[in-house]
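Asks: Pasting in a structure now, in structure tokens, and then I'll have a few things to ask.
Read the figures in this text as sums done on the coordinates, not as results from a lab. Everything quoted here is computed from the prediction, not taken from an experiment. Reconstructed Cβ throughout: ideal geometry from the backbone, glycine too, with neighbour counts over all protein chains shown.
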Amino acid sequence: MSAIVRTAFGVFFGVVCVVILQPGLVYFQNTSWHEAGISLLMESPSLDTFQTVSSDTSVVLALVIVAAVAALCLLASNMRRALGRGFLILGISFFAMPFSFMLLMERITSEMMTQAARGDQTLVAVGGGIATLLVTGLVTPVGIILGAIFTVTGLVLAR
């Protein structure tokens with residue numbers, strides 16, 4: 001019974017990690033970001049990843065992350081250590097969140113540059129750089145603060 005609960009906690013933490021890292025996983029999709037249905041305001045990007053039936057790399061990476069976190073929690077000796085491992089992985093995911101958004105913004109800027117007219121590519125590149133700076137700058141404090149909280153919680157529980 002305890003192994004089932006530890007695995008369930010691992011799957012939960014794995015799904016939360018995939019949701020946090022979803023902007024970076026979009027970077028590895030074969031389709032363009034707007035064709036994948038990514039809308040940070042209208043719907044959850046993580047749902048679009050699991051609705052894709054094709055063998056996109058992002059779907060495989062998402063499933064590997066969930067399986068790896070579930071396996072780490074399953075192999076813990078007790079429930080406390082399983083929760084500690086889950087919180088540690090969650091903290092690492094929050095620390096990686098700014099890089100994930102940076103990858104997403106790079107992909108959006110790259111696609112906008114390919115669709116821009118010849119003379120407008122410089123303006124699109126500058127605008128994409130400014131947008132990347134703003135988005136990453138807004139996400140970084142959230143990632144650092146929540147990453148520190150979850151990492152310390154994980155270290156205390158995994159001890």
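Asks: How big is the convex hull of the Cα atoms of segment 95-151, per residue, in Å³?
Replies: 44
Asks: From a point 7 Å beyond the Cα of residue 2 in the direction of its Cβ, which residues of segment 69-90 have a backbone N at a distance under 17 Å?
Replies: 72-86
Asks: What's the local net charge at residue 73, with K and R +1, D and E -1, over the other residues with C-beta under 10 Å away?
Replies: Here the count lands on +3.
Asks: In nm, what is the difference between 0.36 nm times the number of residues separating residue 156 and residue 57 and their Cα-Cα distance? It would help to have the intermediate numbers written out before the result.
Replies: Numbers: separation 99, 0.36 × 99 = 35.64 nm, distance 3.44 nm.
So the chain would gain 32.2 nm between residue 156 and residue 57.
Asks: Ordered by residue, what ³J(HN,Hα) values in Hz, to whole numbers, does segment 133-145 give under the Karplus form 6.51 cos²θ - 1.76 cosθ + 1.60, where θ = phi - 60° and Gly and Pro are x?
Replies: Using θ = phi - 60°, the values come out as 4, 5, 5, 5, x, 6, 7, 4, x, 5, x, 5, 5 Hz.
Asks: Now for a different question. How charged is the neighbourhood of residue 154? Take every other residue with its Cβ under 12 Å from the Cβ of residue 154, and add Lys/Arg as +1 and Asp/Glu as -1.
Replies: +4
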